[in-house]
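See below for the structure under consideration.
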Amino acid sequence: MSSRTAARTVTTTATAFAALLALTACGGGDDAAVGSGIAAIGGLEGGNGSSGDGGAAKKGNGLGFKGLAKAGSMAEAARIINGYTKCDRISATKSDSSSSSSDPDAKYDSKTYSVTERGYCGRRNVTAIFMIKDAKVFQAAIKAEVEKDHANGKAGNIYSGPIVGQDFATGSESSDAMSALLAPGSGMMVLNCHPGFNPPSGFRKEPSLVKGCVLTDYYKD
């Protein structure tokens, strides 16, 4: 791991989903290390978001949220994900510890984020899955967290966010896995709630369930 990558790794130890909101902080293959899988889902603290490609996004298939995959269970969500990156064995926790004080994803609960179940898979559990009861509640909570970070000067990587289906969210500390999850036909897209986000031409940018957030197949770590 280069010194530059190591420095980025340190920034992702913040909190899991906040690192998730720090999408793939360690950026690399399946050997990417620290943080939490769901931490790798988002895009708040990883990278400075100062460089972009700009351009006009294509309208996509017009289905938006309705065009996303729907799992119905953790097992089915894992099967969907396993079609694009390794996720054949699910663990209920990121590590062997069950202590909430050592669980960076503990705050992503049913009340605020409408998360009903969490699972981790892949080599060293680098990929995380959140099952979601109310997608609109989840999206609103992610938007609120992004807005709070922007207000505190922690915009981070504006080209990232949780990868979502209709009733689940996923993300990985591996940038290779993140790219694979957004393959055409996967039924998954990035939920991007960063103000002013605009993907390069040719990438999708469709409405989400919450004003101020979009669904896109563009991701950059």
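The values are calculated or read from the model by the stated rules, or taken from the named source; none is laboratory data. In this text, all values refer to a predicted model and were calculated from it rather than measured experimentally. Protein only, heavy atoms only, side chains kept; ligands, DNA and RNA dropped before computing areas. Shrake-Rupley method; radii C 1.70, N 1.55, O 1.52, S 1.80 Å.
For the range 168-210, what is the accessible area per residue in Å², given a 1.4 Å probe and the full set of protein chains?
Numbers: 1330 Å² over 43 residues.
So the range 168-210 comes to 31 Å² accessible per residue, rounded to a whole number.
First compute the accessible area of the range 105-173 with a 1.4 Å probe, then give the percent of it belonging to carbon and sulfur atoms.
It is 46 percent, rounded to a whole number.
Out of residues 5 or more away from I163 or on other chains, whose amide H comes under 5 Å of its own, with H placed 1.01 Å from N in the peptide plane?
The list, which skips near neighbours in sequence, is T170, L191.
With the Cα gyration tensor of the range 80-221 giving a ≥ b ≥ c as the square roots of its eigenvalues, does the rule (a/c under 1.5 for rounded; else a/b larger than b/c for prolate; else oblate) give rounded, prolate or oblate?
Oblate, since a/c reaches 1.5 and b/c is not below a/b.
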